[in-house]
């Protein structure tokens, strides 16, 4: 199931890029990011209430709150940079560079989460980096 959800995530991320490029035309990138964020907030809270998950708010630990807030700040920074990048650049070049996040994630998962960094991971990172360079040059 995780694989299907990951593929759907990739599909929706692709649609996000295409829709955003068209939508951001003649709109300040920060304003566009704020509008997108408001839609995400409404949809996310709707899902919380549809699934009756709102009761779990009081059970969230202080550590989880801190890291969820940090994740939100990182997401916001990412979106602000991304929207400005697609506004001034070609989506077909911005998106591959953005996907270098896979490499950064693997490295940080190794350092901070002590996940395995295997020869297969190293080769995958090299191929992602090479593919990105190939696509943007």
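A short reminder: the numbers here are calculations on the coordinates, not readings from a lab. Every value quoted in this text rests on a predicted model; they were computed, and no experiment measured them. Note that each Cβ is placed from the backbone with ideal geometry, even for glycine, and that neighbours are counted across all protein chains shown.
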Item checked: The lone exception for residue 132 - which of (1) in a helix (DSSP H, G or I); (2) more than 30 Å from residue 29 (Cβ to Cβ) it fails -> (2)
Item checked: Those residues of region 118-137 which are loosely packed, with under 14 Cβ neighbours inside 10 Å and more than 22 Å from residue 13 (Cα to Cα), in sequence order -> 118, 119, 120, 122, 123, 126, 137
Next item on the list: Could you please give the count of residues in region 7-55 that are assigned to a loop (DSSP other than H, G, I, E, B) and touching a helix residue (DSSP H, G or I) at 6+ places or on another chain (Cβ under 6 Å)?
Entry: 1
Note to self: I'd like to verify a number: residues in region 95-117 that are more than 24 Å from residue 75 (Cα to Cα) and surrounded by 11 or more Cβ atoms within 10 Å (Cβ to Cβ), how many?
What the structure shows: 1
